[in-house]
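The values are calculated or read from the model by the stated rules, or taken from the named source; none is laboratory data. As the structure is a computational prediction, the values presented were derived from the model and not from experiment. Please note: Cβ atoms are built from the backbone with ideal geometry, for glycine as well, and neighbour counts cover all protein chains shown. Surface accessibility is based on the protein's heavy atoms, side chains included, excluding ligands, DNA and RNA. Shrake-Rupley method; radii C 1.70, N 1.55, O 1.52, S 1.80 Å.
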Amino acid sequence: MALEVTSLDESVVDELGDGLRGDLFAPGDPGYDEARSVWNGMIDRYPALVASCRGVADVIRAVEFARENDVAVAVKGGGHHIAGNAVCDDGLVIDLSPMTSVQVDPAAGTARVEPGATLADFDHEAQAFGLATPLGINSTTGVAGLTLGGGFGWLTRKFGMTVDNLRSVDVVTADGELRHASEEENPDLFWGVRGGSGNFGVVTAFEFDLHEVGPEVLAGPVVYSGDDAPDVIRHVRDFNADAPDESAVWVILRKAPPLPFLPEDVHGVGVVIVVAFYAGDVEAGEEVLAPVREYGDPIADAVAPHRYAEFQQSFDPLLTEGARNYWKSHNFGELSDEAIDTAVEFAADLPSSLSEIFFGQVGGAMARVPADATAYPHRDAEYVMNVHTRWEDPEDDERCIAWAREFFDAMAPYASGGVYVNFISEREGEENLAYGDNYDRLVEIKNEYDPTNLFHVNQNVEPTA
């Protein structure tokens, strides 16, 4: 069992602070509460120390401190993970958020990214050259955590998962060594970080392949009455079955937010939102996405050319920091009629006006990568479902969580048996669903690089060494 930092000699803690270029925060220090805060308002943990790292040397020193003194350690990048894995009680938080550099080499088509960078940081630099790589859908998300869990978004069908576009990483492992990992160097470690959820060390740099995207893309929502949801979702499902890789069409069930293109009398009413995206020429996208936009009797159609970086931020107002969040996830090889009807039934009884159910279409290029090529195993998924339960009053915790769990159980018979590791709210209990048949190999890599399980504040792969 890890020791509490408060049991350590004060001089040991002082030595850590003196050895950092960044700041060291303890309870009561100015900046401590900000340093321990994360995106999910349900997470309220009190680490004994937060090491705010400004470079690789700081990370090495913090890892050595945790190992040598047997204290619990959590690693914070963007602080966006739903389970709050960025912070722990009583132990040490290695805070990477000051490390936000994104260096783009447009000639080589690559980007070198530090672990504190967000999607907005990445897109700002890459889109200056009309380049991008598959990332998520919320610009405040940290690049590091998203990547370590696999990573998917609007570009996944065209260019694969985030980890499929990862060339190399630099990792500080549990022994305090900085290792470079790629297909050629430390390939087992490189395999493990591509979906292994931070189990093997602290990644201090990511190198990504970039692709020509934008600067304008055709994208946006088509909004229908919730009463039309069964037919609309079936139509999208049938359209998606034959759509090209450039096309990604997602479905969201929720109460209509107060968006400017929606009539006021619709605000707060149940709707189904079809979000269409085309990763290619805008005129070609108009033709490809026409069957989606011409279907039925929509309340509003806001599909239009958008700057890619701006569209990546379009859902940020619905995902602001501080609300209470509890998520569940399923993967689906197909959306059966029964699955659609079950989702529509539960969407009619959402536990809060901020909650939603979304089905993100994947497949395409992602599916053409073998399941054992990276630690991320779920290459057969055509849809990733997020049961995104979100509310503000702590007194609603029990009711909202119960609803999410009941819906998750109701959808299980139609799912493929896998879940997306970045959408897991608990720290324990769903590792096998997240890592699938790749779990045993992950244990072997864990045994080699972290046999004492120093890095366990995550969806943990427990060593057997």
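Some points to look at:
- Residues (open to solvent by 30 Å² or more (accessible area, probe 1.4 Å) and either touching a Cys at 6+ places or on another chain (Cβ under 6 Å) or part of a loop (DSSP other than H, G, I, E, B) (or both)) located in region 44-68: Asp44, Arg45, Tyr46, Arg54
- If the condition is being touching a residue at least 24 places away in the same chain (Cβ under 8 Å) and in contact with a strand residue (DSSP E or B) (Cβ under 7 Å, 6 or more places away or on another chain), then region 157-181 contributes Arg157, Phe159, Asn165, Leu166, Arg167, Ser168, Val169, Asp170, Val171, Val172, Thr173, Leu178.
- Some residue of region 69-89 being under 19 Å from Val457 (Cα atoms), more than 26 Å from the chain's Cα centre (by Cα), touching a residue at least 12 places away in the same chain (Cβ under 8 Å) and open to solvent by less than 10 Å² (accessible area, probe 1.4 Å): yes
- Any hit, region 157-173, residues being at pLDDT 95 or above, among the aromatic types (Phe, Trp, Tyr) and in contact with a helix residue (DSSP H, G or I) (Cβ under 7 Å, 6 or more places away or on another chain): yes
- Qualifying residue in region 283-294 (condition: among the small types (Gly, Ala, Ser), at pLDDT 95 or above, open to solvent by less than 60 Å² (accessible area, probe 1.4 Å) and in contact with a strand residue (DSSP E or B) (Cβ under 7 Å, 6 or more places away or on another chain)): yes
- Residue within region 381-394 that is part of a helix (DSSP H, G or I) and either free of Cβ contacts under 8 Å to residues at least 60 places away in the same chain or within 19 Å of Gly41 (Cα to Cα) (or both) present: yes
- Odd one out for Pro260, checked against (1) touching a Gly at 6+ places or on another chain (Cβ under 7 Å); (2) at pLDDT below 95: (1)
- Selection of first residues in region 320-346 that are in a helix (DSSP H, G or I) and of second residues that are among the basic types (Lys, Arg) and open to solvent by 40 Å² or more (accessible area, probe 1.4 Å), restricted to Cβ pairs under 8 Å at least 6 apart or on distinct chains, gives the following pairs, ordered by first then second residue: Asp337/Arg234; Ile340/Arg234; Ile340/Arg237.
- The residues of region 127-145 that are part of a helix (DSSP H, G or I), crowded, with 23+ Cβ neighbours inside 10 Å and touching a Phe, Trp or Tyr at 6+ places or on another chain (Cβ under 9 Å), listed by number, are Val143, Ala144.
- Per the listing Leu178, Leu189, the residue uniquely within 30 Å of Asn460 (Cβ to Cβ) and surrounded by fewer than 21 Cβ atoms within 10 Å (Cβ to Cβ) is Leu178.
- Members of region 14-43 found to be exposed (fewer than 13 other Cβ atoms within 10 Å of the Cβ) and either in a loop (DSSP other than H, G, I, E, B) or in contact with a strand residue (DSSP E or B) (Cβ under 6 Å, 6 or more places away or on another chain) (or both), listed by number: Arg21, Gly28, Pro30, Gly31
- Output for region 98-126, where each listed residue is of a type in the set (D, E, K, R) and either assigned to a helix (DSSP H, G or I) or open to solvent by less than 30 Å² (accessible area, probe 1.4 Å) (or both): Asp121, Asp123, Glu125
- Scope region 396-433; condition modelled with pLDDT under 90 and either open to solvent by 30 Å² or more (accessible area, probe 1.4 Å) or assigned to a helix (DSSP H, G or I) (or both); matching residues: Gly417, Glu426, Arg427, Glu428, Gly429, Glu431, Asn432, Leu433
- Some residue of region 87-97 being hydrophobic (A, V, I, L, M, F, W, C), modelled with pLDDT of 95 or more, part of a loop (DSSP other than H, G, I, E, B) and closer than 21 Å to Ala205 by Cα: yes
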